[in-house]
1. Calculate the dipole size of segment A:108-243 relative to its Cα centre from +1 charges on Lys and Arg beta carbons and -1 charges on Asp and Glu beta carbons; express the result in debye to the nearest 20.
2. Using modelled backbone amide H atoms (1.01 Å from N, in-plane), which distant-in-sequence or interchain residues come within less than 5 Å of B:ARG167's amide H?
3. With a 1.4 Å probe and every protein chain left in place, work out the accessible area per residue of segment B:2-325 in Å², rounded to a whole number.
4. If you place +1 on the Cβ of every Lys and Arg and -1 on the Cβ of every Asp and Glu, how big does the dipole about the Cα centre of the protein assembly as shown come out, in debye to the nearest 20?
5. Sequence gap at least 6, Cα distance under 8 Å: using those rules, report the relative contact order of segment B:2-325 to the nearest whole percent.
6. Taking amide H positions as placed 1.01 Å from N in the peptide plane, with prolines and chain starts having none, which residues 5 or more places from A:ILE225, or on another chain, fall under 5 Å of its amide H?
7. Average partner chain C-beta neighbours within 10 Å, per residue of B:204-213?
8. ³J(HN,Hα) across segment B:303-310 via Karplus (A = 6.51, B = -1.76, C = 1.60, θ = phi - 60°), whole Hz, x for Gly/Pro?
Amino acid sequence: MSAPIVECRGVHKWYAGVHALKDVNLSIAPGEVVGLVGDNGAGKSTLIKILSGVHRQDAGELLIEGKPAEMRSPKDAMRLGIETIYQSNSMVPTMSIARNLFLGREPLRIGIFGVGLLDKERMRRESVHAIADVDLHLRSSEALVGELSGGQRQGVAIARAMHFKSKLLVLDEPTNHLSVKETNKVLGFIRGLKPQGVTGIFISHNIHHVFQCCDRVIAMARGEIVFDRAVDATSIDEIQEML
Amino acid sequence: MRNLFRIYLEKPELAGIALLAVLVAVFELRSGGTFLSPDNLRGILGLLPEVGLVAIGVTVLMICGEFDLSVGSVFALMPMVAAELMERNIGFLPAILAGFAVCAAIGLLNGFITLRFAIPSFITTLGMLFIARSLTVVISGGFPPVLPDDIPSWLFTQFIGPGGLIRMSFLWFVAIALLASALLSLTNVGNWIKSTGGFLEAAAAMGIPVNGVKMGCFLLSSLLAGFAGLIQVLRLASPLPSIGEGLELQAVAAAVIGGTALTGGVGTVLGAIVGALLIRVIDNGLVLTQVDANWFKFAVGALTIFAVVANSWLRRAARSIRIEAG
Ligand SMILES: Nc1ncnc2c1ncn2[C@@H]1O[C@H](COP(=O)(O)OP(=O)(O)O)[C@@H](O)[C@H]1O
Ligand SMILES: [Mg+2]
């Protein structure tokens, strides 16, 4: 069996007195899509912020593909193939889809020290592909993200993660503030991860959503993992009772 | 409606260009053909680089989400520092480099204080407006220095072109405008500037060095303001400590009239230039058509308010489109 794509060993996190994560141990295999549930304040966001390089754990170890990982910034995490989509949108509304897709990773025609002229043709071409790959139908990659609906924006964010061959896609409550129809669209995008071989962590406070698109469900409460089982081996009722 | 929003976001300067055309036509008619005469154009185009360069720096900074109110004072301080040093015979180039070093220090300090203490740049640079002006007056010591005769002023002030229509400063202005415009629309750094002002959190999450981007834009704004001040001093052949007063507000007005959003993320260099040109045209046109020149500030003020109202109306319209789509 191949090494887990991500592994946490005895991870702790304190925020000025608040013990937000208490000895979290977790291992996710390649290709798994894991649902992470729990009440507000359970520590879900804190855990994934550590995985995506926004925060650092105060104790414990983080392994990516079996190797100890030091992540000091989101950029470090992205380099290791971990991409995060937050509930508040991670797109710039005043910029085009193509420019958003390549934000921070722009292909250059010529450049020195990472600064140079954009390869606009390649950005246009590849963003059209990337969007089509997640089954998102948009008129043009030159449309502004501000013109898109919330669900479409999350679709573009997912397309971006796929395009950069992320190994692990983390989605922190991506369906917040979305209509039912838009939410279903996003759940569809998440179901599309597995066929493409992308590992996913989907955070939601809606257990029904998790059951619709995940293989495995992990529940957190008061900074600890209190439940961890395959979706087939449990039921919505069992989890609701426990939380 | 959707198209209107697109056009506004992609070409925010179009409305300004249309207005410019109308004003030029009106002034040309009312002045009986004097407005577009070579002599008058020479006047307008001679002054444009000075306001225009300041407006470019302020606009790029506004696009990345910050303000600079200290540009008018830096406009006076840079040439004052350079002139004082020239008077002490250290040579033209070293004196100018020292002037730019002062601008760079002010720009970086503006950025550092704003970011380190997380305060609005509006306040930081308002403070710097007073500080830099005060320094200028103190350095001049009440007696402005006299520029040496042998400095190469012609590099900036010489009339050139058909009929001597433009000054050398215009070429510097065009070159810098093209570079700044290319930076914004053709390079990845332009992408970072727009994203930093458009949605800071998203840019940071994608690994954009947002603080570095802002520092760079503060630096650019200060350097361009200093350069513009130098050009004016060489044109007038005398460094007065009072030049550039109120210029910061003209620059912000130019940016806004040219379609730059106060909230950041939206704007173009061309827009800033159109805004600056509109202000110059109004100033000059009012004089030529023998309207009381005191109406100048009234017109610029009204135009600024109109531009912001129009922009926020367009943005509201855009939001309603989004809701329909969702
Ligand atoms: N930046 C922060 N500073 C201080 N406390 C925080 C911060 N972020 C989260 N917390 C606290 O840590 C705990 C876990 O929060 P969080 O990880 O956001 O939970 P969840 O995402 O499950 O709702 C909560 O008690 C919260 O108040
Ligand atoms: Mg959360």
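The values are calculated or read from the model by the stated rules, or taken from the named source; none is laboratory data. Treat the numbers as computed from the prediction; the structure is a model and nothing was measured. Cβ: placed from backbone, ideal geometry, glycine included. Neighbour counts: every protein chain shown. Heads up: the accessible areas ignore ligands, DNA and RNA and are worked out on the full protein's heavy atoms, side chains in. Shrake-Rupley method; radii C 1.70, N 1.55, O 1.52, S 1.80 Å.
1. Charge dipole of segment A:108-243: 680 debye, to the nearest 20.
2. Amide H neighbours of B:ARG167, under 5 Å, 5+ apart: B:ILE160.
3. Value returned for segment B:2-325: 42 Å² of accessible area per residue.
4. 600 debye
5. This gives 34 percent for segment B:2-325.
6. A:ASN25
7. Partner-chain Cβ atoms within 10 Å, mean over residues of B:204-213: 5.
8. 5, 4, 4, 4, 4, 5, 4, 4
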